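K.L.:
Just dropping this structure here.
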Amino acid sequence: MRPLVALLAAFACSSAFAQEDIEAIDRTTGIGSLRLSFNIAGEPGMQGPAVPHSGHGIEIGLSGGSGEDTQSFGGAPVVFGGRIFLPGTLQHEFDFGFLEMAYRYRRFFGESKVFGIEALGGLGIASLDLTTTSGAARASDKLENWGLVGGFGIVWKFLPSTSLQSRLTLFGSGEREGVTGAARLDVHVAHALARNVALRAGLVSWGIVSQRAGEDDDEDSLNSRIRAGLSGLSLGLDVAF
């Protein structure tokens, strides 16, 4: 046992300066979303608020999904949840959730008002619940932070009640622990089922980072940096007023 204890102690002392990143990326998962929006300036068209139109609004969005991944690594250890994982194979399971509230400006151009752009800015909270398992150890941690949200999107109304929408959303907390940053790219076809309700279907890709403390920090932290991702088919419901 003494050689093993000495080895683990050596890893613990050196891991503040050299840890392997945790990489948990699932590209085959489903992602759901719910979006509630309130028009505060601008006149909806005859189809109702659920069809994109020029103006100002407030959006509240909730999205997320679950994923799993297998990571093989060598060299430096992974340090997570108070445990040291020696080089080998890790099994990751994770749940990600994102809540945002943002001001949105949308502008359509030309007489036909078919093409438009949108910009968003506000606040969000990102939460990553990660469990990592190896043959000899298991650890879990919930990472969560508030931060700023910004976004830019393009909208093409190719039918009166149907549009192709793409949006890039960025999140940053300004922290090194918890969820320090996230980015979402989505492409959806949205169809207004009624004046106030629309259904979206398409593709979404999330990237999530927890920077953790590193060699340039004064904090006594041994946690490895985390890079997680979710991508796949997406189904969303929009309720607009």
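K.L.:
If N is the number of residues in the range 85-172, what value comes out of its Cα radius of gyration divided by 2.2 N^0.38 Å?
P.N.:
Numbers: Rg = 19.9 Å, N = 88, 2.2 N^0.38 = 12.1 Å.
The value comes to 1.65.
K.L.:
Which net charge results for the neighbourhood of Ala228, defined as the other residues with beta-carbon distances under 10 angstrom from its beta-carbon, given Lys and Arg at +1 and Asp and Glu at -1? Show your work: numbers first, answer last.
P.N.:
Numbers: positive: Arg227; negative: Glu23, Asp26, Asp69.
Result for the local shell: -2.
K.L.:
Related question: Given a cut-off of 14 Å, what percent of all Cα-Cα pairs of the range 24-68 lie beyond it?
P.N.:
Details: 594 of 990 pairs.
That fraction is 60 percent.
K.L.:
Turning to a different aspect of this structure: For the range 32-137, which GluC sites (Glu not before Pro) are in a loop by DSSP, counting at most 12 other Cβ atoms within 10 Å?
P.N.:
Numbers: sites: Glu59, Glu68, Glu93, Glu100, Glu111, Glu118; in loops: Glu111.
Those that pass, being in a loop and sparsely packed, are Glu111.
K.L.:
Follow-up question, since we're still on this one. Please list 121-134, 33-46 highest first by mean number of surrounding beta-carbon atoms within 10 Å per residue.
P.N.:
The densest-packed peptide leads the list: 121-134, 33-46.
K.L.:
Cα-based Rg (one decimal) and Dmax (whole number) for the range 136-241, in Å?
P.N.:
Gyration radius and largest Cα-Cα distance of the range 136-241: 18.4, 58 Å.
K.L.:
Also: Per-residue ellipticity at 222 nm for the chain, helices alone: DSSP H runs ≥ 4 residues times -39500 (n - 2.57), over residue total, nearest 500 deg cm²/dmol? Mind showing how you got there, number by number?
P.N.:
Details: 1 runs with 13 residues, N = 241.
Mean residue ellipticity, 222 nm, calculated: -1500 deg cm²/dmol.
K.L.:
By what distance, in whole Å, do the Cα atoms of the range 2-240 stretch along each of the three principal axes, largest value first?
P.N.:
Here the spans come out as 77, 33, 23 Å, largest first.
K.L.:
Right, something else. What's the angle, to the nearest 10 degrees (0 to 90), between helix 2-14's Cα axis and the longest principal axis of the chain?
P.N.:
Taking Cα atoms only, the helix is inclined about 40 degrees.
K.L.:
Apply the Kirkwood formula to the range 44-127: the hydrodynamic radius equals the inverse of the mean of 1/r over all pairs of different alpha-carbon atoms; give it in Å with one decimal. Could you put the intermediate results ahead of the total?
P.N.:
Numbers: mean 1/r = 0.0586 Å⁻¹.
Value: 17.1 Å, from the Cα pair sum.
K.L.:
Go through the range 77-109 and name the chymotrypsin sites (Phe, Trp or Tyr not before Pro) that are in a DSSP coil and have 16 or fewer other Cβ atoms within 10 Å of their Cβ.
P.N.:
Filter output for the range 77-109: Phe109.
Laboratory data are not the source of any read-out in this text; all were calculated from the coordinates shown. Just so you know, these numbers come straight off a predicted model, no measurement behind them. Because the Cβ atoms are built from the backbone with ideal geometry, glycine has one as well, and the counts that use them run over all protein chains shown.
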